[in-house]
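Student: Below you will find the structure I want to go over with you.
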Amino acid sequence: MIPDDNRFESDPDEILPDDPGLPADWTAEAPDPGDSAVTARLTELLRAHEDAGRGWAGASEEDVLVEVSEQGLRTRENLVVRDPAGEIRAWGSVHDRASGRMLYVHIVDRSLEDRLARACSTILFRWAEAQAREVGAARGLDVQQIDTGAFEGDDRQHAWLSGAGFTKVRTWWQMSRPVRPEEASLVASAERWERKGVVFRQVRRVDGMPDEDDLRAVHEVLESAFTDHFNSAEESFEEFEHRLREDPGHRWDHWWIAEIVDGGGAPEPAGALVGTVSEGGPGPAGSYVSYLGVLESARGRGVATGLLNTIIADAAERGRDRVGLEVDADSPTGADGLYVAMGWRTKYVTQSWHKDVPVG
């Protein structure tokens with residue numbers, strides 16, 4: 001269930017020390033979720049962070065609103081650091097992603113001199129650890145993981161994370177594949193097609209809304225498919241649906257199910273793909289594979305390939321020029337080999353950094 005009240009502490013003064021270590025006349029506070037000027041400034045900081053880390057910015061105000069809007073605050077909390085003039089110079093966001101896993105955004109103004117930037121970074125880390133103890137206690141845990149990311153080339157962020165006790169635990173390849181108009185014919189129809197006893201279809205919709213049984217089937221397939229994957233955390237159906245609907249690129253007609261239909265009985269869900277619209281980065285909009293999972297019992301039947309061909313054909317039909325995805329560089333399944341064989345290439349590289357915080 002998604003809680004009516006989030007599990008974090010909304011008042012920074014309750015969890016920060018009396019002297020948080022900021023320079024004179026600098027302040028730390030929770031941002032006003034309804035202030036458009038705050039959203040615009042956070043977007044500016046996030047885009048500068050992306051540009052410094054990977055060479056280009058793709059974030060939009062919609063991405064920031066996922067973190068700071070009233071809707072986002074059901075499972076999140078935010079902190080901003082202001083200079084004496086009232087300008088926001090740093091921003092932290094925590095997300096109660098699943099039991100034992102708290103996501104963390106750590107952004108510091110790239111134009112600040114080193115001493116001030118470090119002071120901002122330090123208070124964000126202190127606040128995040130305090131929030132980890134809050135959410136971990138609310139979930140009845142002994143240890144709460146903080147999970148944050150960094151671009152591979154962002155040396156400043158790496159140094160700060162390491163200094164704050166975080167450990168780099170994983171590398172991720174952010175891959176992209178060009179899409180040609182003629183690839184709309186890769187499958188008979190992106191809405192529904194069949195091959196060798198497997199049906200690939202969009203989740204059913206009535207008056208624009210999805211069938212709940214189909215959504216639950218997608219959730220169950222993905223939960224089962226990712227059980228043994230790196231840092232997998234069990235997520236309830238309500239948490240799963242709420243989180244994915246928050247994505248600015250969310251579209252119900254970008255969800256697909258693969259079903260085995262050659263057994264003589266009722267169709268059996270065997271794979272699922274959740275796609276989104278990707279408008280970040282240079283060029284026109286693309287499609288993005290947010291989740292792709294295949295049950296172990298169905299592997300070897302071309303389910304993953306069929307689902308990927310479906311989203312490629314769908315993107316081509318919509319006039320998009322690319323399909324993106326993320327792959328674990330250390331994946332034991334060798335998924336990257338399939339992606340490369342189908343035309344995906346690495347565009348940039350990110351890292352996961354973790355810290356385990358004792359709750360007691």
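Student: Return one quarter of the surface area of the convex hull spanned by the alpha-carbon atoms of segment 158-213, equal to its mean projected area, in nm².
Tutor: Average projection, Cα convex hull of segment 158-213: 9.0 nm².
Student: Using the alpha-carbon atoms, what tilt in degrees (0 to 90, nearest 10) does helix 303-317 show relative to the longest principal axis of the chain?
Tutor: 80
Student: Still on this structure: Per 10 Å bin from zero, what fraction in whole % of the C-alpha pairs of the chain is there, up to the bin with the longest pair?
Tutor: 5, 22, 32, 24, 12, 4, 1, 0
Student: Please state, to two decimals, what the Cα-based radius of gyration of segment 233-360 comes to when divided by 2.2 N^0.38 Å (N = residues).
Tutor: 1.19
Student: Connecting C-alpha atoms closer than 10 Å in a GNM of the chain, tell me which of LEU116, LEU222, LEU42 has the biggest fluctuation.
Tutor: LEU116
Student: Charges only on Cβ, +1 for Lys and Arg, -1 for Asp and Glu: so what's the dipole of the chain about the Cα centre, in debye to the nearest 20?
Tutor: Around 1460 debye, computed over the chain.
Student: Scaled to the compact-protein estimate 2.2 N^0.38 Å, what is the alpha-carbon radius of gyration of segment 13-93, rounded to two decimal places?
Tutor: Working: Rg = 13.4 Å, N = 81, 2.2 N^0.38 = 11.7 Å.
Taking N as the residue count of segment 13-93, the ratio is 1.14.
Student: Hey, got a sec? Which chymotrypsin sites (Phe, Trp or Tyr not before Pro) in segment 48-125 land in a DSSP loop and have at most 16 other Cβ atoms within 10 Å?
Tutor: TRP56
Student: Quick one: helix 212-225 against the long Cα principal axis of the chain, what's the angle to the nearest 10°, folded into 0 to 90?
Tutor: 80
Student: Would you look at the GNM of the chain, springs on alpha carbons closer than 10 Å, and say which of ALA24, ALA217, ALA57 moves the most?
Tutor: Comparing ALA24, ALA217, ALA57 in the GNM, the peak value goes to ALA24.
Student: Now for a separate question. Alpha carbon centre of segment 250-313 versus segment 69-120: separation in Å?
Tutor: Cα centres, segment 250-313 to segment 69-120: 34 Å.
All of the numbers you see were taken from the coordinates with simple rules; none came from a lab. Bear in mind the structure is a predicted one, so any value in this text is a computation, not a measurement. Note that we place each Cβ from the backbone using ideal geometry, even for glycine, and neighbour counts take in every protein chain shown.
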